[in-house]
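Below you'll find the structure, written out as structure tokens, and then a few comments.
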Amino acid sequence: MPSRSLELLVGFFVSLGIAAVFVLTFRVASLDSVGDSGSSYRITAKFENTGSLARGASVKMSGVRIGRVRDIGIDPETFQAVVTMEIDGARNNIPADSNLKILTAGLLGEQYVGVEAGGDPEPLKDGSVVTFTQSALVLENLIGQMLTSFTQKEPKAAQPAEPAAAAPAP
Amino acid sequence: MTTAADSLVRVRSLKFGFGPKVIYDGIDLDIVRGKITAILGPSGTGKTTLLRLIGGQWKPDAGSIEFDGIDVHRQSRSQLFELRKRMGLLFQSGALLTDLSVFENVAFPLREHTAFPESMIRDLVLMKLEAVGLRGAAKLYPSEISGGMARRVAMARAIALEPDMIMYDEPFTGQDPISMGVLIRLIQGLNKSLDLTSVIVTHDVEDVMRIADYVYVLSGGKVLDHGSPAEVQHSKSDLVRQFLNGEADGPVSFHYKAARGYADDLMAGRE
Amino acid sequence: MNFLSPLTEGLRGLGRAVLFLFTILAGIPAALLRPRLILQQIYSVGVLSLIIIVISGSFIGMVLALQGYRTLVNFGAASSLGVLVALSIVRELGPVVTALLFAGRAGSALAAEIGLMKATDQLSGMEMMAVDPIKRVIAPRFIAGLVAMPLLVSIFSLMAIGVAGGHAIGVELLGVDDGSYWSQINQAMHGTDIRDMLIKGTVFGLAISWIAVYQGYHAAPTSEGVSRATTSTVVVSSLAVLALDFVLTAFMFH
């Protein structure tokens, strides 16, 4: 074996292996591009609660993926979650007053950001901040709300009965 | 017997065995500087073992082996390696490295032990190959050359570091008359031109008698006889004469020793 | 005496193997000064194993995706396919299957090569040329196995999860969303998983190279001896890999 091609092949093998480690370590998703068009722009939105939304999750409009969640952080003043999303450059006409919701795919599926188009003629641009947002449905909160509404209803239901029962007494 | 000064290797009351099997039961042996010494003996007497003991690959159970006044078996590993650079051992098979070409095989000890520049290694290797008549085969691989050629390449490799002594293990086994003649000429020629000491271990009596200066005959773990070829040929020992003349029966019986007599053995099957 | 001898023989073998490992380790510094020799061995144990690793990685990833999808889709959890494939590959199948293939492909070749070198007196010849075969022949091969294994494991895992295996079947064929495939992997996998994978790969590489060079170096110098060394390299190192995998997993499990 000529020494040059030996070195070349071993070099190829080792760099392939290291590249594989690298890709696996950074878990692919956070490094690859958003869409087909190549270009992209970033928008941010604030949510009360992001649930289990994660980096790399899809951003979908009418069920079609148009971008990825790039980063999730905390606003140091309001303590709201700040979600940065990268949107496919081809979708450059999304109305600025669009509504963002954190939704769940199926009953057990992962969470994603759903975009509901608004009516503003002005489109979202790089660096835009979306103001209309709806937080993730957190199951515990939902159950908590249901329980409080039950416990609130019960006394209400009992109260009208009291005067009714008392009425014949006098 | 020779004096201490002119013997390169001195073996004294050497004992060695594999487990219960005794190979050497106290032998004394001197290998004289600048001469060709032949060590003869029937197959299975452990002649190859002797070379490995001299080379320090195996340790004797008792006794000593001195090479140029240095006890081979009392050296540290690195000292032993220094000593081995001064002796070459030619294995029966040649023991060429099969993944290297003939050229690289001869260059191997030079590359391992010297820091010579490439051009110098090239010149040296070609010189050694020329000496054994195989310069033309430099680019071939061990699988592409005959057994006799492999032995000649191994010789070129053995002389690459210019040792004091070369030990040949059965160099003539399985050779046709022509390559046998070539090998004999080479052993003799190299011994003279490079001022080497040669040790040939063989059971090929006739050919080695022509070139040997001194002969040892070993059998049954003992030195049976030693002396110049002429002296040994007229040995008093029956066994030595049987061996040298190649007779089928004699002190070494044609029959392997059996537990009981022939007739008894035949009868035993009928019971 | 008779029924004890297999035990004492086994213990002797183990002791010899451990001492042999120390000899190799002592020879490593000298071998590192000759990077060319190591390079050559990385070529023969690593580069030459690449094709079998890439192909098996792809198929195993594909099978896992098909099987996983069938189960997950019943729970409406097909989007978790990526996690299933990635975790099974990175934590278990990647290192273990790669190691088994490596034992079969590289370990057996290593044992046979060294055994034949011994049978043809090449090792003795080297020793008589004052060249230490441990440093010149054994240590470079040992180091190469140690270096090549974790790299092969990584390539195998990447093929199985991403490039051609689970991703090709799950996303391209079964229509699992690409984003959720990766984002779920993202959430479930941590850096420690990759680290553990590399640790397993390195330990397996050490075990296989050790067993292979030991078997080759201590083979009986006959054709039967070499064939026996080759066989027992594959058998012993496969068993060692599976046993070590259990021990390592138990440690990593916390």
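A DSSP coil position with no more than 14 other Cβ atoms inside 10 Å describes the following trypsin sites (Lys or Arg not before Pro) in the range B:123-175: B:K139. Computed with every protein chain present, the accessible area of A:S128 is close to 30 Å² [probe 1.4 Å]. Model label sites at B:Y256 and C:T8, defined 7 Å from Cα along the beta-carbon direction, differ in position by 2.8 nm. Taking the DSSP beta bridges in chain B as the whole, what percent of them are antiparallel, to the nearest 5? Counting only bridges with both partners in chain B, antiparallel ones make up about 55 percent. The H on the amide N of A:Q134, modeled in the peptide plane, is under 5 Å from the matching H of A:L100, A:K101, A:I102, each at least 5 residues off or on a different chain.
Over chain C, Cα pairs under 8 Å with separation of 6+ residues give a relative contact order of 32 percent. Taking amide H as placed 1.01 Å from N in the peptide plane, the amide H of B:Y168 sits under 5 Å from that of B:L90, B:V199, B:I200, B:V201, each at least 5 places away or on another chain.
Phi angles across the range C:10-27 convert, under the Karplus curve 6.51 cos²θ - 1.76 cosθ + 1.60 with θ = phi - 60°, into 3J(HN,Hα) values of x, 5, 4, x, 4, x, 4, 4, 5, 4, 4, 4, 4, 4, 4, 4, 5, x Hz, Gly and Pro given as x.
For the protein assembly as shown, the share of DSSP beta bridges that are antiparallel, to the nearest 5, is 65%. For B:I23, the amide hydrogen comes within under 5 Å of the amide hydrogens of B:F16, B:G17, B:F18, counting only partners 5 or more places away or on other chains and with H modelled in the peptide plane. Taking the range C:220-247 and a reference point 7 angstrom along Cα→Cβ of C:A17, the backbone N atoms nearer than 20 Å belong to C:220-221, C:225-247. Per-residue 3J(HN,Hα) values for the range B:54-59, derived from phi via the Karplus relation 6.51 cos²θ - 1.76 cosθ + 1.60 with θ = phi - 60°, read 5, x, x, 6, 10, 9 Hz in sequence order (x marks Gly and Pro). Take the Cα of B:D25, step 7 Å toward its Cβ, do the same at C:L206, and the gap between the two points is 5.1 nm.
Taking a probe of 1.4 Å, how large is the accessible area per residue of chain C, in Å²?
Details: 10650 Å² over 254 residues.
Heavy-atom SASA per residue in chain C reads 42 Å².
Under unit Cβ charges (Lys, Arg +1; Asp, Glu -1), what dipole magnitude, rounded to 20 debye, does the range C:22-249 have relative to its Cα centre?
Working: 12 positive and 12 negative charges, 87 e Å.
Dipole size: approximately 420 debye.
Taking label points 7 Å from Cα along the Cα-to-Cβ direction, C:R70 and B:I211 give a separation of 7.4 nm.
Here the 3J(HN,Hα) profile of the range C:64-69, calculated from phi with Karplus coefficients 6.51, -1.76 and 1.60 at θ = phi - 60°, is 4, 5, 4, 5, x, 4 Hz, Gly and Pro shown as x. For B:M267, the accessible surface of its heavy atoms amounts to roughly 110 Å² (probe 1.4 Å, protein chains only, rounded to the nearest 10).
How high is the relative contact order of chain B, in percent, with contacts defined as C-alpha pairs under 8 Å that are six or more residues apart?
Averaging sequence separation for qualifying contacts and normalising by length gives 23 percent for chain B.
For the segment C:186-196, counting C-beta atoms of other chains within 10 Å of every residue's C-beta and taking the mean gives 4.
Among rounded, prolate and oblate, which fits the range B:1-102 when a ≥ b ≥ c are the square roots of the eigenvalues of its C-alpha gyration tensor, a/c under 1.5 means rounded, and a/b larger than b/c means prolate?
Rounded is the answer for the range B:1-102, as its axis ratio a/c remains below 1.5.
The values are calculated or read from the model by the stated rules, or taken from the named source; none is laboratory data. The model shown is predicted, which means the values in this text are computed figures rather than measured ones. No Cβ is skipped: glycine too gets one built from the backbone with ideal geometry, and neighbour counts run over all protein chains shown. Protein only, heavy atoms only, side chains kept; ligands, DNA and RNA dropped before computing areas. Shrake-Rupley method; radii C 1.70, N 1.55, O 1.52, S 1.80 Å.
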